[in-house]
Amino acid sequence: MPVQFTQINSLETDTTESFFSDHFLRARINDNKPSNNDYDPIFEEGRSEGWVQSHGKEIKENDLKYEEDVNQYISLVLAEMVNPKSTVLAREYLVGTDSDAGQIAIDLKLQSQKYQVFRINADFLLFHLGLFSSETNILGDKYFDKGGSYYNAAACSLRNARGGRSGLSDVLEKLSLQFGKYVEILRYMKNQSSNYFSFHFKFSEEELARFHKQPLQ
């Protein structure tokens, strides 16, 4: 759940979800990466049922260019990360940046568990590379492929667990396809913001250092 807080300067009450959403969307615009840039909202308008059925691939490709759900996902995850209530799953499944989450997932029987492993580690890489690392501005595209593959594995595992596509699996697929772009937006957000690090983040510098030192599991 989002946390309510009071702005120090204005004394206005806000929620962490609204705060991060505003910063992220502003960063998208200022970094010339607006939402839904290639999405066509009338792609299926006036089409016959037969046309829709025979152009499923094109329709899905167009759907994957819609990004409002990705914006909401990133804002919600950031809001959850500053919630003082820690999550047990994150501590159980998170591996270091140079380790392989697949080594944990391979021993799990349930697709829902595999989904959790890959999603937790994908989220960690996204926000570590974009916001939390002290080297975000010099890392370049290091770990981009790994982050994208984690989100793809999370999406596949979720579809297998639920028996098909869902709104969340589509969001994870979008993140897998454009992982680098979202890291770059978060980096821009970090460089343009002066006060959002005043929040108490769930992942402290000590924890991040520990994740880096963890051996391959």
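The table for this structure:
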{"read-out": "Relative contact order for the range 12-213, counting Cα pairs under 8 Å that sit 6 or more residues apart, in percent", "value": "26"}
{"read-out": "Within-10-Å neighbourhood charge of Q111 [Cβ basis; K, R +1; D, E -1]", "value": "+4"}
{"read-out": "Total charge dipole magnitude, the range 28-186, about the Cα centre, Cβ charges on Lys, Arg, Asp, Glu only, Debye to nearest 20", "value": "500"}
{"read-out": "Too-long pairs where the Cα-Cα distance tops 30 Å, listed order kept, from K60/K114; K65/K142; K109/K190", "value": "K109/K190"}
{"read-out": "For the range 70-75, Karplus couplings with θ = phi - 60° (6.51, -1.76, 1.60), whole Hz, Gly/Pro x", "value": "5, 4, 5, 4, 4, 5"}
{"read-out": "Karplus (6.51, -1.76, 1.60) ³J(HN,Hα), θ = phi - 60°, over the range 15-23, in Hz, Gly and Pro reported as x", "value": "10, 4, 4, 5, 4, 6, 4, 4, 5"}
{"read-out": "For the range 133-142, 3J(HN,Hα) per residue [Karplus equation, 6.51 cos²θ - 1.76 cosθ + 1.60, θ = phi - 60°, Hz, x = Gly/Pro]", "value": "5, 6, 10, 4, 7, 10, 6, x, 9, 4"}
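Readers should treat all values here as calculations from the given coordinates under stated rules, not as data from a laboratory. Keep in mind that this is a model prediction, so the values were computed, not measured. Don't worry about glycine lacking a Cβ; one is built from the backbone with ideal geometry, like all the others, and counts go over all protein chains shown.
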